[in-house]
Amino acid sequence: MATKCMHVFDRLMFSVTCWKKSSTQTGRRKFHRDVEKEEFQYASTQCLSSYYSVFVVRLAIMVMLAILIGLLTILTWHFTKIYTTKSLNSLAYDLRYELLQRPILRMWNILNSTAEITTAQVKLSEYVIRSHNKLATQEDHVEMYEAMRAVTWALFSSRKALNSITVKYGNGFVQAFHRDLKDNNTFYIYTDLAYNETSEALNDKEIHNNKTVIWYREQLDPVSGEKIGKAMKIAPEDSISIAGMSQVPDGVASWHVSVSKFTDSPLLSAALPVWDSSNKSIVAVVGVTTALYSVEQLMKELVDKHSGHMYLTSQKGYLLATSTNDPLLTNSTKKPKLKMAVDCDNEVIREGAMWLQKTYGNNFPPSHEVHVENARLGHQQYYIDSFFLNLKKLPLVGVIILPRKHIMGQADQRAFKTLVILISASLCIIVIGCVCILILTNGVSKEMNLRAELISHLEARRKAEASSNYKSQFLANMSHELRTPMAAVIGLLDILLSDDCLTNEQYATVTQIRKCSTTLLRLLNNILDLSKVESGKLVLEDAEFDLGKELEGLVDMFSVQCINHNVEIILDLSDDMPKIVRGDSDRVVQIFANLINNSIKFTLSGHIILRGWCENPNSYGDNESFTMEQKKLVCSQKTITKQHENTAKKTSNNDKKMILWFEVDDTGCGIDPSKWDSVFESFEQADLSTTRLHGGTGLGLCIVRSLVNKMGGEIKIVKKEGPGTLMRLYLRLTAPVDATEQHCQVDFANNNLVVLLALHGNMSRLITSKWLNKNGVVTMEASEWNGLTQVLKELFHAKTPTHNNDFDAHYSAHRDIWKEQINFLHKYYARAKFIWLQNHDSSNNVKTELRKKGHILTVNKPLYKAKMIHILEDVIKERNIEVQKKNTITPRTTVKESDLHESFEIDYNHCDVASSDGSDISEIGSSNPSSLYLKSNCLLGLTNEYMEQNSSRKEASVSKREKGEDSECSRVNGSTKAVNGKKSLEGLRILLAEDTVVIQRVATIMLEKMGAVVVAVGDGQQAVDALNGTLGVEDCRKESLLKERNKETSQTEILSFPAYDLILMDCQMPKMDGYEATKEIRKSEVGSGFHIPIVALTAHAMSCDEAKCLEVGMDAYLTKPIDFKLMESTILSLTKEKA
Amino acid sequence: MDGKVQLQKQLFDYTASLFQEGFLDNQFNQLEQLQDESNPDFVVEVVTLFFDDAERILNELTTSLGQEKIDFKRLDAHVHQLKGSSSSIGAQRVHEACIPFRNFCTEQNVEGCLKSLQQVKHEYSLVKSKLETLFKMEEELLASSLADLKVV
């Protein structure tokens, strides 16, 4: 049963799994549509494995459940059944025993009563015979027989169960009472007396065989014993069995079972002899037969009640009584005979007897007791029990056959029902459980699937991120690889340009190539910057720098381009701008470079203004320096800026953070307001058609925004009156505490200066004059030559006490008119100072002419605040000197000129010194107002602006050659002149720390080519030692071998002057790397106030490396392979700074 | 004289091919630029230095990669050195081969390292033979011009 169930269950499971598989397959097919093949494969394998595992788990759980429930069922069933069966069995045994015992007891009773009656008959017979002792006559005999008959009748009638009582006398006379149970008739049977007299012998044979004996039978009233019929002769065969002498041969009571034709049932007959008074001879034999009918009756009754069958057999197997109505005797024509039990007509009894015989044969157990359950007879199961009744001379065997159904039927049925119910219940539970498990695990598997999917998605995302990261990483790493060849190209072009053997044509071509290369490099840098910003690799430096100077440099740089485009570029920084701020100067410059570049690109005429102011409530109060339109703008933006102000105030109070506002204002084509936001996206240009016109990748503004955001600022385009674009941004930069108030404020108001601004550019003139006015300087303006002459004449002919003039001389179209103009102006030379504003392409002729005339105060365009301050200070200073000279009656000499010349050649580094000088002078100047020179100190800002037709090409090209360098790198501007002349690094002593011999050699040669003296060492330790002068002599020799090119003097120089001007330091070296060595050197410098410039040489081109280099105290950074030009400029800038 | 011209042309073509095939890059040009009267054998000298250096480094790389426990940091440093020196003389392909090598070093990928080492060795031997040929040709050219001088 259980296995069947399992089989069914397995089948069910199989079908379920099949269904499941098919459903998952369809699910996967759906999946397939959406996802890429690769991912699908990945996911499907994952899913498949998870499906399998889910199947296995499900199967396992189900099988376990099935086993559990099966076991429970079987156990329950087993226990219920076993105990019921046990108790029932014992009860059944008792019942069977009891049932069988009763007929046997009845049998026993019958036997006993038979024996008693027999004994009683015998005793009575003895008594009667003794009382009739003297039997002399026939009458005596008759009398005795009558008496005997009466006695016998009394006994017979008292015992209804008796079948017959016979008395056979010694003389052969027989008296018998017989009860025919069938007809319920009672008969008296006797023999003819006449024949008895003669034969004395009590011989059975004689009696039976003697045909002459006549038998009579009289029917009697069963109650009273009266004769009711006549005596009839009957044949001997019809008579009943009479106990004869032969049955009591030994004089003891005998028992046997007999049959008679009057009854169907066997009879139990007992015989006893009647002894005479002397006990010596048998006078008669008394026989009593009892029908076993009553036993049978009892059995039937019992069986009726309990069903089943019973029978009694003799020891030999003859049936004595059964519980059925079947005849017990063979119905042969002859004398009826007893049947064997195995021949019984009743099927059950026959089979039971046969079964017993078959099982035990003749070897019954000694007690003859057999208890068998579950004997199969026919189609039913029976209990068979037999008991043995051991009577003397008549042992009996009782057998009871009970159908099992009768006793155990209910129990079996119940057990079966229970089993069925249990099994069906457990099946239900299993099915429900399986379904539950399916549902449950379905959820789990769904969750697992989801999770697997999620994991795969995460994986995919991670991969995507990684690949994006790789991309950025790749780009960032590529920077080195990309920049190197570009740098090489540019460097080689520089080398080519520095060669003198090129023809003009070649030179122009190479210059063009160089320009293109620079552009390409810039583009490359833009892309790399963008990728760097995007990959989050951009690390902003945090170093102090002079913001104003950087911006001025930037404006200087772009001015060349602007002048070529005929566009004014103006730097307008408010006075409250901090001079020194902390931040990443390169990036700040990059922001403005990109913005200005962008403006220049789209501005064909007009001006570009870079405004800057510090967010500070005060700055709004005195924004006189702002133009009117800007004022309005500021007002319109006030609401916004005020918010910033509030936040800024808070922050600036805490950590000196400042918000610096900048504007880049141009008069270009402008940007459509709808595109104001999108222009800051990568590769976006406001108008696609402009790409063709102006070119560009659209990366610039994107980088700008990224950088501005990175610096905690914001950039946006704001509305502007008139054409053009106004970009406004603010940056959060920290200003050092001590530097915040270090504005270069000089009070010019007390110097009685009159400035005449003769500038062609309207905007710059306006802004400059505003600023001058603000600072208390009287300003006059002239925009063209005629105006200038007018003003000059007015000024000097009116002879007003104090005037300062500033001019913008705009040359007219004639070729040589500038000479006349110079000559004209020269007339005022004695009375006014002329400051000549030079363009980058101002011709040498003009310059020499000016110099010849003594106009040595020249400034490069554009003019901005710092330059103006510088000019004013110098003028004041010069005036002071002149006053002094005048006081000492010394005419102006050329010495002064040269001094001034010198002072103007230099950068604005001396600004502070000059300003302090200037303030001193101004005091003196004001104390001597009467002096002619003081009165008429004029400044002439003269701009030599050439029209195309004015300047001869050759001149232009020459000047370009000189000044072109300036535009490229503002830092190097001081060095360019030197390049043209002698070797640029002449006289510098450089320590080179580099472990790779090849690079060492290359660098050495490069440096030596530039005129430097090089000492090369192999690692950081040696570098430190060399610097500390502890370098061993052997090492020195080694070095000297390395630089065999050097003059011998250089060797001695090394030994005598262990100090170096500069160190080139490789970062990765054995023993001690560059960083360590630098740290060591800087440590040793602490306290000495000495700072040797260290330039890092590294093959890494990443910003973080740079940062690291600068962090350990290096001053600059060069990448390998070494670029000739870059190295030169870097070294020069460093040594120059030091100088 | 014709022979000399031919030699010159040959040398020129050969050099051009070296550049074209990427064995050399601009750095080599720069080196040649640096060579002048004061340093007549500068290029040869530097390249020989490079050969010595590179062979030493390659040997070290081979031995350290053969070891059971590989010191990747040291390996990386060596490769870095080789990369630096190769880039300095303009041996571009060696330089390029060093880049993945370094990446493998940082990944600690032994297999990749071995592969890269083979690659580097291969490139190195190639560039070495090429450069040697180049120098030989230059020498021949020089010899021929000397011979010319003698003839004249």
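The values are calculated or read from the model by the stated rules, or taken from the named source; none is laboratory data. Every value quoted in this text rests on a predicted model; they were computed, and no experiment measured them. So basically every Cβ, Gly included, is an ideal-geometry build from the backbone, and we count neighbours across all protein chains shown. Note: areas computed on protein heavy atoms with side chains; ligands, DNA, RNA excluded. Shrake-Rupley method; radii C 1.70, N 1.55, O 1.52, S 1.80 Å.
Altogether, the Stokes-Einstein calculation at 4 °C and 1.567 mPa s, with the Kirkwood radius of the stretch A:67-122 over Cα pairs as Rh, returns a diffusion coefficient of 86 µm²/s. For the residue pairs A:K316/A:K405; A:K1009/A:K1120; A:K833/A:K865, alpha carbon separations beyond 27 Å are given by A:K316/A:K405. Taking 25 °C and 0.890 mPa s as conditions, the stretch B:43-137 diffuses translationally at an estimated 186 µm²/s according to Stokes-Einstein applied to its Kirkwood radius (Cα pairs).
Take each residue in A:489-501, count the other chain C-beta atoms within 10 Å of its C-beta, and the mean is 1. The modelled label-to-label distance between A:A115 and A:L502, using points 7 Å beyond Cα along the C-beta direction, is 16.1 nm.
Convex hull volume per residue, computed on the Cα atoms of the stretch A:531-586, equals 108 Å³. Farthest toward the positive end of the dipole of the stretch A:416-471, out of A:I437, A:S426, A:A466, is the Cα of A:A466, where the dipole comes from beta carbon charges about the Cα centre. As a fraction of the 1.4 Å probe accessible area of the stretch A:61-165, surface on carbon and sulfur atoms comes out at 66 percent. For the stretch A:95-147, a Kirkwood radius taken over Cα pairs fed into Stokes-Einstein (25 °C, viscosity 0.890 mPa s) yields D = 179 µm²/s. The fraction of accessible area contributed by carbon and sulfur in the stretch B:43-137 is 51 percent, rounded to a whole number (1.4 Å probe; ligands and nucleic acids excluded).
Take the accessible area of A alone and of B alone, subtract that of the pair with a 1.4 Å probe, and the total buried over both chains is about 2400 Å².
A loss of 40 Å² or more of accessible area (1.4 Å probe, protein heavy atoms, ligands and nucleic acids excluded) relative to the isolated chain is seen in these residues of the stretch B:1-36: B:N26, B:Q27, B:Q30, B:Q33, B:L34. Protein heavy-atom accessible surface, 1.4 Å probe, per residue over the stretch A:484-565: 49 Å². Working note: Karplus 6.51/-1.76/1.60 with θ = phi - 60° gives the stretch B:58-68 the couplings 5, 4, 4, 4, 4, 5, 6, 6, x, 5, 6 Hz, where Gly and Pro are set to x. Where only DSSP H runs of four or more residues are counted, chain B gives -29500 deg cm²/dmol as its mean residue ellipticity at 222 nm, each run worth -39500 (n - 2.57). For A:E714, the residues whose modelled amide H falls within less than 5 Å of its own, excluding neighbours fewer than 5 places apart on the same chain, are A:Y730.
Taking other residues whose beta carbon is less than 9 angstrom from the beta carbon of B:C105, and scoring Lys, Arg as +1 and Asp, Glu as -1, yields 0. For the stretch B:43-137, the solvent-accessible area of protein heavy atoms averages 45 Å² per residue (probe radius 1.4 Å; ligands and nucleic acids excluded). Across the stretch A:717-727, computed HN-Hα scalar couplings (Karplus, 6.51 cos²θ - 1.76 cosθ + 1.60, θ = phi - 60°) run 9, 10, 5, 9, 7, x, x, x, 10, 10, 9 Hz from first to last residue, x flagging Gly and Pro.
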